[in-house]
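Right, one structure below, let's go through it.
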Amino acid sequence: MAVPLGWGVVSDFDPSVYGAAIAGEYDELYEDELQETDAAVGRLALLAHGGPVLEFGIGTGRLALPLAATGVQVRGVEASLEMVDQLRNKAGGGAIEVAIGDFTRVEVGRDFALVVLAFNTIFALPDQQAQVDCFANAARHLRPGGIFVVEAWVPDLAEFRHNRLVRPRIHRSDRVSIEVVRLDPVAQMMETTQTVLDNKGVRLYPANHRYAWPAELDLMARLAGMRLTQRWEDWQATPFSAESRRHISVYARDDA
Ligand SMILES: C[S@@+](CC[C@H](N)C(=O)[O-])C[C@H]1O[C@@H](n2cnc3c(N)ncnc32)[C@H](O)[C@@H]1O
């Protein structure tokens, strides 16, 4: 798919590129942000009511492995073989079925109680149409009464000055990472390069995000025959408010 990125740049979208580059140190780089994993797993297990779960963008199995350990049946879809290799190398990773492909179109069944798309991965899709397709594909995988759970940040354009932003992410005595971000508010795109510096050297991890406000995601859900039933600001189910910087949104099929 050709993706206009603003500034006249056009690139071919390949969902496996991000994982191929970052897989080897994904868990380490995001260990601080991912401290909520236990809460996320607990919430997802509650929401699934014992039914099977499908994770779009299963990655290294950060959520899927502990969720499966609670007794929930978990399957995944993933574009990056390198991320799946990381999952396979972990205890229990060999037992989780993963379909390699793009979660906007891969089909792996129609009987899931819950489909989850965590950690802002909806924004990894290149444009609005791909995000609409993702909601439709999630709905297609759900049994009647099933739910689609999306975790994403709330865009905060006030962070930017003249559509540019430099922000520190990791600040430790032995590792620093800095994100340099360029904003295209017309296409709702952020082009981010994370630079990681430590005694192994310097690594650059580019990632593009087509961001959307919660209301636009809600409309995508409506197009897919789902409606918003819950919205929290974290996995502990703290109510979403005007101050919330991210959201966990639960969409149910209209026939629920
Ligand atoms: C930010 S990581 C999140 C991984 C995992 N869900 C977690 O919470 O730790 C996003 C994952 O989604 C995968 N991904 C991104 N776009 C995809 C797509 N269109 N189809 C399948 N996988 C995709 C990436 O390769 C990566 O493994």
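The values are calculated or read from the model by the stated rules, or taken from the named source; none is laboratory data. Because the structure is a prediction, the values reported are computed rather than measured. With ideal geometry, Cβ positions are generated from the backbone for all residues, glycine too; neighbour counts draw on all protein chains shown. For accessibility, only protein heavy atoms count, side chains too; no ligands or nucleic acids. Shrake-Rupley method; radii C 1.70, N 1.55, O 1.52, S 1.80 Å.
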Residue-normalised value, i.e. accessible area per residue, for the chain at 1.4 Å probe, in Å², stands at 47
Over what distance in Å are the Cα centres of segment 194-232 and segment 145-181 separated? 9
Expressed in square angstrom to the nearest 10, the accessible area of Asp27 with a 1.4 Å probe stands at 60
How high is the relative contact order of segment 162-230, given as a whole-number percent (alpha carbon pairs under 8 Å, six or more residues apart)? 21
Using DSSP to call loops (not H, G, I, E or B), can you name the trypsin sites (Lys or Arg not before Pro) in segment 180-215 whose Cβ has at most 14 other Cβ atoms within 10 angstrom? Lys200
Can you list the trypsin sites (Lys or Arg not before Pro) in segment 95-164 that are in a DSSP coil and have 12 or fewer other beta carbons within 10 angstrom? Arg110
Roll a 1.4 angstrom probe over the protein heavy atoms and tell me the percent of accessible area of the chain that is carbon or sulfur. 53
Positive minus negative residues near Asp254 (Lys, Arg vs Asp, Glu; Cβ under 14 Å): +3
Electrostatic dipole magnitude of the chain [Cβ: Lys, Arg +1; Asp, Glu -1; Cα centre; debye, to 20]: 220
Compare Glu55, Glu179, Glu25 in a GNM of the chain, Cα atoms joined below 10 Å, and give the one with the largest fluctuation. Glu25
Sort Ile100, Ile22 by heavy-atom solvent-accessible area, probe 1.4 angstrom, most to least. Ile100, Ile22
